[in-house]
Structure formats: C-alpha cells, structure tokens
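The values are calculated or read from the model by the stated rules, or taken from the named source; none is laboratory data. Treat the numbers as computed from the prediction; the structure is a model and nothing was measured. Every residue, glycine as well, gets a Cβ built from its backbone with ideal geometry; the counts of neighbours run over all protein chains shown. Protein only, heavy atoms only, side chains kept; ligands, DNA and RNA dropped before computing areas. Shrake-Rupley method; radii C 1.70, N 1.55, O 1.52, S 1.80 Å.
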Amino acid sequence: VLNVLNVNVDSNLINQPYSIVDSLGRVVLNGKLNDVDATINVEQLSKGIYYLKVSDNSASKFIKE
C-alpha cells in the first residue's frame with residue numbers, strides 16, 4: 001500500500017508549495033517541499049488517480065492503490 005509519495009525535484013523547487021488534486025480537479029492536500037528528495041504522506045487519500053502540482057508547474061500523475 002502506497003502511503004508515502006517520494007518526490008525528487010530540482011533544488012530550485014525546495015520550499016515551493018505543492019498541491020495534490022484528484023481526478024475531478026479538487027485540491028485534496030497542500031504543503032511545501034522541504035528537500036530535493038521529499039516525501040509526502042498520502043495515507044489519508046482514498047484509492048484513485050491524483051496529480052501532484054508543484055509551484056504552478058505542470059502536474060505529475062500518480063495512483064494511490
């Protein structure tokens with residue numbers, strides 16, 4: 001079961017805000033990236049398809065199983 005999302009980002013994105021949105025476009029989680037190899041706890045999310053959007057850049061899709 002995926003409860004943590006491992007995120008590897010460029011160093012210029014450290015301390016940038018992120019949001020996770022569901023397949024309907026609703027924001028379900030917000031936070032800030034705190035490291036180049038950050039982890040985001042997604043335990044509270046239901047199974048489904050989500051998109052991670054960092055600092056208003058393009059989104060990356062992931063699936064919570």
Amide H within-cut-off set for L33, under 5 Å, with H built and near neighbours excluded: N15, Q16, Y18
Straight-line reach from K47: which lysines fall under 19 Å, measuring Cα to Cα and dropping same-chain residues less than 8 apart? K61, K64
List the relative contact order of the range 8-65 as a percent without decimals, with contacts defined as Cα pairs under 8 Å and 6+ residues apart. 35
With unit charges on the beta carbons (Lys and Arg positive, Asp and Glu negative) and the dipole taken about the Cα centre of the range 2-60, which residue among S60, L13, N34 sits farthest to the positive side? S60
Taking the chain as a Gaussian network, Cα atoms linked when under 10 Å apart, which of S19, S11, S55 shows the biggest mean-square fluctuation? S11
How large is the dipole of the chain about the Cα centre if only Lys and Arg carry +1 and Asp and Glu carry -1, each at its Cβ, rounded to the nearest 20 debye? 240
Surface share of carbon and sulfur [accessible, 1.4 angstrom probe, percent] for the chain: 44
Heavy-atom surface of the chain, accessible at 1.4 Å and reported per residue (Å²): 67
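I'd like the trypsin sites (Lys or Arg not before Pro) in the chain restricted to DSSP loop residues with at most 15 other Cβ atoms within 10 Å, sorted by number.
Those satisfying the criteria are R26, K47.
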